[in-house]
Each structure stands twice: as C-alpha cells, then as structure tokens.
Amino acid sequence: MFTEFSTQVNTDLRSVTNLTALLSKGVDGVRPLMAEAEDGDNLVVYRVKNNGLATKDYAQEWQLVVTCWATTYNTAVQIADAVIIGLLEYRKYRFVGGEPQFNEQGQIYTELIFNILK
C-alpha cells in the first residue's frame, strides 16, 4: 500500500500545473520524503503515513503530509493553495488541515495534511 499510494501521490502532484509552475524545478520540485539542495528554494516534499485506524474508505487509515517550502511566506502559502486545489480536484484526498511555519534556519514552509480515500 505504501508503494501504491506514494506512486499515486507523486503522479497527482506532478500533474497539477498551477503547482509545478511555482516550483523552482517544475515537476522535478515534487520530492518524496526529502529534497536535495539542488532542488531549488521553492519545492514540495511529501510522505505517506499509516495511522492504523482502518475505516471503510481508508479516510483515517492513510494520510498524506505535504510540506511546501519557499523563500517567502506568500510563496509558501501560494504553493500550499495550489496543492490543496489541485489534489481536491482528484477526489481521492480529503483536506484535514495545514499550518505555515518556519524553522531555526529561517526557512519558511507550510505543512498540509490530507486523508487519502480509496
């Protein structure tokens, strides 16, 4: 299931043109789990997780966490909006919540959580 969902998420995120237009490396700015320095400043990192809470439609068992990295707050939330709008069009994801943040290195990011529907 991890492989199936991760492949699905990668394909879905890379196909959102309003998102990839905002990323430093276009579709190559969509990365699983971690990014490299050469991926640029504006990028998206995703991971799939299993909560162990089985439901009929998998709505609570499988989640997608997307982290939208950018050099400015406005760009980070623009990328986040593009992710939300793009993924909701697929009707495979239910948006749970998100939060803009920054880390000790002064990097700005927005973390988004979705339930993955089956």
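The values are calculated or read from the model by the stated rules, or taken from the named source; none is laboratory data. Quick caveat, the model's predicted, so the values are computed rather than measured. We place every Cβ from the backbone using ideal geometry, glycine too, and count neighbours over all the protein chains shown.
Do we have any residue at all in the stretch 31-44 that's surrounded by 14 or more Cβ atoms within 10 Å (Cβ to Cβ), modelled with pLDDT under 95 and at positive phi? Scanning the stretch 31-44, I find at least one residue that is surrounded by 14 or more Cβ atoms within 10 Å (Cβ to Cβ), modelled with pLDDT under 95 and at positive phi, so the answer is yes. One residue stands out among those in the stretch 1-30 that are acidic (Asp, Glu) and surrounded by fewer than 16 Cβ atoms within 10 Å (Cβ to Cβ): the one that is nearest to LEU117 (Cα to Cα), which is GLU4. Restricted to the stretch 32-111, the set of strands (runs of 3 or more DSSP E) holding at least 1 residues that are in contact with a Cys (Cβ under 6 Å, 6 or more places away or on another chain) comprises 43-50. For the stretch 21-28, does any single residue satisfy the condition of being under 16 Å from GLN107 (Cβ atoms) and of a type outside the set (S, T, N, Q)? There is at least one residue in the stretch 21-28 that is under 16 Å from GLN107 (Cβ atoms) and of a type outside the set (S, T, N, Q). Say whether the condition of being without any contact (Cβ under 8 Å) to a residue 24 or more places away in the chain, within 16 Å of the chain's Cα centre (by Cα) and closer than 18 Å to LEU112 by Cβ is met by at least one residue in the stretch 67-78. No, the conditions are met nowhere in the stretch 67-78. Considering only residues in the stretch 79-118 that are polar (S, T, N, Q) and crowded, with 18+ Cβ neighbours inside 10 Å, the one that is farthest from ASP12 (Cα to Cα) turns out to be THR110.
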